[in-house]
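Notes follow the structure.
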Amino acid sequence: MNISQSRNAFLFNSMESCPSGRIESIGSSSGSSGESLRGERSLSLSLSQRSVDMVSSEMTPEQKLAQCNSRVQDFADSEQFDACIQETVRLVALSRLVYGDGHLKQAQAYARLAKAYLKFKGWAAQADEHASRAHSLLPLSVPSSTPQEERVARLHCLLSTQQTQGGAALLLGNLMEAESFFIKAEGILGELQELSGVSPEESTKTEFEISTNLSRVYQRQGRSGEALAQCQRALELQEEMGEAGRSCSIHRDMAAIEQARGRLDKAIEHLLQAHAIALSQSPEGMEGAHVAHSLALAYSSAAEPHHNDSAAHYFEESLSVYRSVTGPEDATTLTVLDDYCRFLLQTGQQERSVALQRESLALKRSAFGDLSTEVAETLQLIGGVEMTQGQMKQAHKTMSKCLEVQIALFGPRHKKTRATQRTVNMLSQVPEVSAVHRREGSLQTRPPFCAVVPSPTAKGINTNMSDP
């Protein structure tokens, strides 16, 4: 009996068991069409759930396992990641129930769960734990009499666990372990190719993933030559897959490697390629904004003054996209704005820089709170520029506000707070600031008006108007 048949039977039995007119009264008792509709929907949902439960209870564990396997894929395709992970946990339990401990199917379920934790959540510790569990269920060696189909399935499972453990180790900063896992994955992929157990398309895709991850491992280890070689290999593999237009992230990685080597011109070349690719995919997209920001930083760090116009252009381009897509109060938008303001200061455009910082102050208070490091740093930057422009009274006011925020954040003894306190003390000695303080002090210590001008009764003056 399928779900539809079961539901229809349940509806029929329910109607048979109700007194005559009971079904009709569900829609007419309230006198309101809205309440009637809600009642019908509630009944329908209740009956549907009961019928599904009936069908589920009639299914064998094998059927439940097949259904669960299908639901895992459906949730992954629809990007319902929490539901996908929850269903994969059920898949592990059902695999153990159907096949028993130590079976290949159970190892595959654990490998699938580990991959889901890493890919959908970025939870490296959980991914490593479940991948290790899957690996422990696979034998160290497979007898030569083992059918090729089973050998291929075991190798696929082992390949998945090695890649997942490598990715988890990379996230956790265990670079030597990550390198070892990815190199082992390369070896397993070679075995699968020899057994014709992997299609050319899947083989190229897997090799691309391994090369990309190895390039990041080598980059973080400072092995720039090997990192660039892996990036180049990844570009070639993307061309083989017909996805050369999606190589933006690889060019960004190569730019970072070249910049770390001090080869700024090469870095800018890769960033320009990445920028062109990103704009061809989505002219107003976030990836293009990320690359434009990187280009702006690269140009602004160049010694040649003629790069300043390019830096300003890419700062403004990235800011425009961030403001329109993520909003002016977004943390990334404000970070890019701060980078732009530092560039403006570096190129002698103090007034423009301070104007933008003053505009951002309210946004930062809204985004991060009045007592935040972002607000303190902005006040400090504004106060510093005001000092260089000779606006000592305004600088004293701004730096005093900065000091209040730093005392609340770090306490009076922190090195940042003490440095700002010294600046405030120095500004207090400036004649135009100290004169204001003296006037304010004299107003505070001046006696009240009633103490200066005595009342008439204090002088013995008769205030009775009826007396002569």
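What follows draws every value from the coordinates through simple rules; no lab data is involved. Quantities reported herein were computed from a predicted structural model and do not represent experimental measurements. A quick note on method: Cβ atoms are made from the backbone with ideal geometry, for glycine too, and the neighbour counts reach across all protein chains shown.
Summary table
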quantity	calculated
By average C-beta atoms within 10 angstrom, highest first, the peptides 411-424, 140-153, 109-122, 384-397	109-122, 384-397, 411-424, 140-153
Signed unit charges on C-beta, dipole axis of segment 371-434, positive-most listed residue Thr420, Thr398, Leu381	Thr420
Selected from Gly262, Thr335, Gln281, residue furthest toward positive end of dipole (segment 222-345; charges at beta carbon)	Gly262
Cβ crowding within 10 Å averaged over residues, with 286-294, 359-367 ranked highest first	286-294, 359-367
Length-normalised contact order of segment 371-434 in % [C-alpha pairs under 8 Å, at least 6 apart]	35 percent
Burial ordering of Glu62, Glu194, fewest other beta-carbon atoms within 10 Å first	Glu194, Glu62
Cα-centred dipole magnitude for segment 371-434, charges only on beta-carbon of K, R (+1) and D, E (-1), debye, nearest 20	260 debye
Whole-number percent relative contact order across segment 266-360, with pairs defined as alpha carbons under 8 Å at least 6 apart	20 percent
Radius of gyration, Dmax [segment 371-434; alpha carbons; angstrom]	11.0, 32
Protection proxy ranking, peptides 90-96, 209-215, 159-165, 244-250, average beta carbon neighbours within 10 Å, highest first	159-165, 209-215, 90-96, 244-250
Global geometry of segment 261-318, whether rounded, prolate or oblate, following the gyration tensor of its Cα atoms and the 1.5 cut on a/c	oblate
